């Protein structure tokens, strides 16, 4: 549709409002309360423009652009003198009580309020009366609160309570004393509270972890990277200063994280600065370990790798390139998976299911679904950003209803008023209560096998061709019926599951539901969640199960074991790992000290995510390249480079051929046809814009001639990056790089992260040139299958037949419990748990029982109980978890003394002394 | 004394004097410029700052001898030597006194013209070898400027040659026993002076260098002693042109009372100071102005001078 | 032509003019208090460090010769953990002083910074911090800013109302 702004014609989407239309066309119009993901409420009055009735209307009238729908041939003016005066007046009013804080405010330099104030031209305070002030609240280790700076745009509460479903944050007081905070000081409960840092247009909410090593945005050396703390592959921008990682901010990717991150992803970065970092190679000598220089480490490594049978243990948290280099060093026959055999089977099942279709859906597709079924996965804790997406999925019904009543989608409060508490259907079947239960239509608490049975029952109801579930209890049959009916009625159903419950049956059941829906012609958004950053990509490299490596070690056939970025003690019971690491020689490559590195004869310092380049494959099957934020200090380098160096010393053809990342990527792509497309995940190291690399440092990076002057007054040459098209300098073409290489969002006049509007093809649409990453599983073809529409409705994809392995119903045992893993957003994931702020929020190790079981055991909450299983035993405090079904116990995943035992497992729980 | 040995002594003395004078000129120029600009100039190192030159020399010798990696290495090294060689060779034909002359030839003036034409190569090759846009621009300017001004430089001297009836510089000086040629050949003198400034690339005609627009023109990439050679080459050029002016138009060593060597030194020094005064007072013209003066005014004027002198000589000779 | 000769003559006459040069080491010139020489960090009237580590001087510096790291005391008062100026790069343009919101960084009329070793031109905070307020007495940023520090609660800054009571029901 055509509109005219300031006498220039623009072609715009009629579903947008005038503000979005203007911003999307690159016009500068100040705003505060509007947010591209949250729509308009018209609270701040800042985006005032003039609209005119027709060409003859000279006076026009002032309207709020964010509340003005696009009409054909709309005549508007941003530049009109009266509109400008109006906007300047609004900012002056907002600034009345804004404190004189900018120099000590963490937002300064990337402050939306600063940008908008400059944009409107207000520069002198005329207000002479006392400013209103507030006391601040302690909001936990993640966020800092400074209420004086508030300009009452209401974005925080709209995000926190309405968008993210938080319950412990509200608007208090009235008049000019409106207060945004909690009823009383305390840790913010919502897992997405960190987004307030970016949502707040000024410095009311700032990053507390950044504050400890505060650096302005202009001083950060930044690079595009991929979050290291779950398998969703959210895009993040990491920033470094003086050799330490300073913070993570969201990097918009329209297909994945959009505008928001979870708190684990945002605040887990500090593991990179951990005192447990391995900064140089260490070799075990007679007494203790000694640091050795890089050349000696390489010599020892290569002689160990050359002598005798060598096993390589890969890692789902290492990049494809690192795993592949290890595989090349030890040979495919000696390349083992560094995950428990149970996880291995789950990953294999997941990969098989996804390859047979339907193809995995992106978060954007899930967000646009209208009915969701979550089978077995506690998404808030295992893939947190997906939980935020599911909260939007259930809003689709309300949005559609609003559209029917001709209320535009962006009219946020009108839409919410219209929907009231009604939201779209969301069914959650998990072993224990989840944080999404508050918006679930129905929940089902049961053992993983029963959850799988529910899934199979739903699939059977949707398509009688799928396997029937014998002995289905009546309540479960009724529930399955309701779920099946809802999914049947939905236009874009969503099915979410994952490896979190530790059950392959659950995965298969979810796949059967998705297939039944696909067969019925529905564009089903199907998503399976793996646990770690590169779980799926790692599985695609076809490693062998770890158990066999342990067997080989026990048989004494092994000379050397090379462990890549992996703490094996988190993967399998200690006895098995002890046996494996009892091999004559053990080499461990890792960034942090772990129990595994403690056992190694040679410890090689591998680069953590912020200091490494590589490619990872998310649960969506999306291959994404991540880039070094800064060159690692000392002997640290990428695992793949260490391994390539060793290959080179051994004069192996790969080692001689691999000069930079692109060579390794090419080798991976050649070796695995299914990974062939990772070449396209990002432009190679030879990519240039106007002959120049893309600068990692902003144009106003400061202190170049001073930051190292204490060491040597002559500035060193900036380090070079042979592996990517990014440079460690501030020189480069000021042209928009491709999305995969975007180091930061920053344009003229837009210093805050809101500058992202200027990088998108349309507001909230893809970044210009397409969002980053390539999907690897799209063309997955099954054997005997029918055609169904792809989730986006564009093409037809073949879908395989059904899987027939319906498990028997769960039968509680006397004196024994089925111990299931309970995931924690803070603590369960290995790396983020090393970040102090996350560690503070992480729970203490415990074992959880349902109230009735706890009563039967005669243990009070907090009592120490002994947990015994085949794989290991420990004494842990008891936690009573209402909602945990009888016969089930839960252990925190990845936490505490039993972190290594594969769950679920049967175990005994006895009262301790 | 053995005539060969004598020649060698003369050569050594001239070489020593000329090189030292040109080095001292650096100090003289800085002091004079300062004087005319109400400053002091170098006055810290040694008496009257005389040792400033020594300090500068030490510094320049210890500077890194840097050859840019993109330069044409051999040409780059060779270029500064050419200017030194050509200018120094020219001194061979200058009759400082009847005694102090290295070689007396009857084509001395032609030799001078030939050498100064070869000097252009130094500039152009330096500019070309530097492989730098500014240098190349400077080199192109130098080539066209020196080519243009050389044309009438030669013509402007022909008047004196006609009057003396010889290309030999000694004969020319001896022909001025009664009257300095500056009087009959005033126009020739002015033209030769202008051409001489242009030939030595001195202000106001230092367009090949033009530090305000071309960084440092043809020697932008030069540093250390190689730069020093250009620098000294320029001062040698100044001494040469000044000495030539005295020889051609002001009677060379001729003068009353004082010994000849004092006369020639005084006269040369006067013109050196005049060169420096020009630098203190004159702005630099635009390059197109320089070229159009050269071809549209100075060349016709020198032709006219030649024609008139020729006519007069013919008329008198008859 | 005439103008050329005239200017030659006029320049020549300058020979007889007095010289303006001040013979510096023997003869000290007068430098105004606002002369742009060696940079210092000043203290506020209470004797505390004025610098709040806002990084504005660093970003204003055209030769990027200032670097620092911000930190906070337990009560929220921000100050530089370390502060470094590389005087071998400094061009004494004074932009850091202009950018400083707290009058902390100031240029002084001390110009005698010569060193035989370049490394000695790298000044750390202990070399920069002076005891007094420098050119600007009286100003204390923390009395104007809205944040809370050790001896100043919310609402106690200049022109501030007492903090709002969230519990009262009165309008």
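The values are calculated or read from the model by the stated rules, or taken from the named source; none is laboratory data. Everything numeric in this text was worked out from a predicted model, so none of it was measured. In this analysis, Cβ positions are derived from the backbone assuming ideal geometry, glycine residues included, and neighbour counts consider all displayed protein chains.
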Just one of the numbered conditions (1) out of contact with any helix residue (DSSP H, G or I) (no Cβ under 6 Å at 6 or more places or on another chain); (2) assigned to a loop (DSSP other than H, G, I, E, B); (3) crowded, with 18+ Cβ neighbours inside 10 Å; (4) within 14 Å of chain C (Cβ to nearest Cβ) is not true of residue A:103; which one?
(2)
Give all pairs with beta carbons closer than 7 Å in which a residue from region C:146-171 that is in contact (Cβ under 8 Å) with a residue 60 or more places away in the chain and within 7 Å of chain A (Cβ to nearest Cβ) meets a residue that is in a loop (DSSP other than H, G, I, E, B) and surrounded by 15 or more Cβ atoms within 10 Å (Cβ to Cβ); count only pairs at least 6 apart in sequence or on separate chains.
C:147/A:101; C:147/A:146; C:147/C:76
I'd like to know if region A:681-698 contains one or more residues that are modelled with pLDDT under 95 and either more than 30 Å from residue A:660 (Cβ to Cβ) or assigned by TED's automatic domain parsing to the domain that holds residue A:37 (or both).
no
Only one of these conditions is not met by residue A:645: (1) touching a strand residue (DSSP E or B) at 6+ places or on another chain (Cβ under 9 Å); (2) buried (at least 23 other Cβ atoms within 10 Å of the Cβ). Which number is it?
(2)
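A quick yes/no check of all residues on (1) more than 14 Å from every other protein chain (Cβ to nearest Cβ); (2) at pLDDT 95 or above; (3) surrounded by 23 or more Cβ atoms within 10 Å (Cβ to Cβ):
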| residue | (1), (2), (3) |
| --- | --- |
| C:33 | yes, no, no |
| C:44 | no, no, no |
| C:73 | no, no, no |
| C:77 | no, no, no |
| C:81 | no, yes, no |
| C:110 | yes, no, no |
| C:115 | no, no, no |
Please go through region B:171-181 and give me each residue that is more than 15 Å from residue B:263 (Cβ to Cβ) and buried (at least 20 other Cβ atoms within 10 Å of the Cβ), ordered by number.
B:172, B:181
Within region A:289-310, is even one residue assigned to a loop (DSSP other than H, G, I, E, B), surrounded by 20 or more Cβ atoms within 10 Å (Cβ to Cβ) and in contact with a helix residue (DSSP H, G or I) (Cβ under 6 Å, 6 or more places away or on another chain)?
no
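Out of A:706, A:714, which single residue is within 12 Å of chain C (Cβ to nearest Cβ) and surrounded by fewer than 14 Cβ atoms within 10 Å (Cβ to Cβ)? Full working, then the answer.
On the way: A:706 fails: surrounded by fewer than 14 Cβ atoms within 10 Å (Cβ to Cβ).
Selected residue: A:714, the only one of A:706, A:714 that is within 12 Å of chain C (Cβ to nearest Cβ) and surrounded by fewer than 14 Cβ atoms within 10 Å (Cβ to Cβ).
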Subset of region A:1-57, residues surrounded by 21 or more Cβ atoms within 10 Å (Cβ to Cβ) and in a strand (DSSP E or B), comes to A:3, A:5, A:17, A:35, A:39, A:40, A:48, A:49, A:50, A:51
Tell me, which residue of region A:350-382 that is modelled with pLDDT of 90 or more and more than 16 Å from residue A:525 (Cα to Cα) is surrounded by the most Cβ atoms within 10 Å (Cβ to Cβ)?
A:376
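State whether one or more residues within region A:851-867 are outside the structural domain of residue A:446 (by TED's automatic domain parsing) and touching a helix residue (DSSP H, G or I) at 6+ places or on another chain (Cβ under 7 Å). Talk me through it step by step, then tell me what you get.
Taking region A:851-867 as the starting set, the residues that turn out to be outside the structural domain of residue A:446 (by TED's automatic domain parsing) are A:851-867.
Checking the rest, the ones that are also touching a helix residue (DSSP H, G or I) at 6+ places or on another chain (Cβ under 7 Å) come to none.
No, because not a single residue in region A:851-867 is outside the structural domain of residue A:446 (by TED's automatic domain parsing) and touching a helix residue (DSSP H, G or I) at 6+ places or on another chain (Cβ under 7 Å).
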Answer yes or no as to whether residue C:131 is assigned to a loop (DSSP other than H, G, I, E, B), away from chain A (no Cβ under 14 Å) and touching a strand residue (DSSP E or B) at 6+ places or on another chain (Cβ under 8 Å).
yes
Being within 14 Å of another protein chain (Cβ to nearest Cβ), modelled with pLDDT under 85 and closer than 27 Å to residue B:122 by Cα is the requirement here; does residue B:203 meet it?
yes
From the list C:8, C:56, pick out the single residue that is within 26 Å of residue A:211 (Cα to Cα) and either in contact with a helix residue (DSSP H, G or I) (Cβ under 8 Å, 6 or more places away or on another chain) or more than 10 Å from chain A (Cβ to nearest Cβ) (or both).
C:56
Name, by its number, the condition in (1) within 22 Å of residue C:75 (Cβ to Cβ); (2) out of contact with any helix residue (DSSP H, G or I) (no Cβ under 9 Å at 6 or more places or on another chain) that does not hold for residue A:187.
(2)
Say whether the condition of being surrounded by fewer than 24 Cβ atoms within 10 Å (Cβ to Cβ), modelled with pLDDT under 95 and part of a helix (DSSP H, G or I) is met by at least one residue in region A:176-186.
yes
Applying the selection to region A:660-699, what residues are over 25 Å from residue A:769 (Cβ atoms), touching a helix residue (DSSP H, G or I) at 6+ places or on another chain (Cβ under 6 Å) and either within 14 Å of chain C (Cβ to nearest Cβ) or in a loop (DSSP other than H, G, I, E, B) (or both)?
none
Are any residues in region C:13-25 out of contact with any helix residue (DSSP H, G or I) (no Cβ under 7 Å at 6 or more places or on another chain) and closer than 20 Å to residue B:35 by Cβ, and if so, which ones?
C:13, C:16, C:17, C:18, C:19, C:20, C:21, C:22, C:23, C:24
Looking at (1) in contact with a strand residue (DSSP E or B) (Cβ under 8 Å, 6 or more places away or on another chain); (2) more than 30 Å from residue A:825 (Cβ to Cβ); (3) at the interface with chain C (Cβ under 10 Å from one of its Cβ atoms), which is the only condition residue A:83 fails?
(3)
Of the criteria (1) without any contact (Cβ under 8 Å) to a residue 40 or more places away in the chain; (2) in contact with a helix residue (DSSP H, G or I) (Cβ under 6 Å, 6 or more places away or on another chain); (3) within 14 Å of chain C (Cβ to nearest Cβ), which one residue A:110 fails:
(1)
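In this structure, is residue C:63 in a helix (DSSP H, G or I), facing another protein chain (nearest Cβ under 8 Å), closer than 20 Å to residue A:703 by Cα and in contact (Cβ under 8 Å) with a residue 12 or more places away in the chain? First the steps, then the outcome.
On the way: in a helix (DSSP H, G or I): no; facing another protein chain (nearest Cβ under 8 Å): yes; closer than 20 Å to residue A:703 by Cα: yes; in contact (Cβ under 8 Å) with a residue 12 or more places away in the chain: yes.
Against the criterion (in a helix (DSSP H, G or I), facing another protein chain (nearest Cβ under 8 Å), closer than 20 Å to residue A:703 by Cα and in contact (Cβ under 8 Å) with a residue 12 or more places away in the chain), residue C:63 does not qualify.
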Considering every residue within region A:142-154, establish whether at least one is over 30 Å from residue A:499 (Cα atoms), more than 14 Å from chain C (Cβ to nearest Cβ) and touching a strand residue (DSSP E or B) at 6+ places or on another chain (Cβ under 6 Å).
yes
Selection within region A:163-184 - touching a helix residue (DSSP H, G or I) at 6+ places or on another chain (Cβ under 8 Å) and within 12 Å of chain C (Cβ to nearest Cβ):
A:170, A:171, A:179, A:180, A:181
Inside region B:174-197, can you point out the residues that are over 19 Å from residue B:306 (Cβ atoms) and part of a helix (DSSP H, G or I)?
B:174, B:197
Does residue A:248 qualify as being outside any loop (DSSP other than H, G, I, E, B) and either at pLDDT below 95 or crowded, with 24+ Cβ neighbours inside 10 Å (or both)?
yes
Positions within region C:83-108 being in contact (Cβ under 8 Å) with a residue 60 or more places away in the chain and within 10 Å of chain A (Cβ to nearest Cβ), in sequence order
C:104
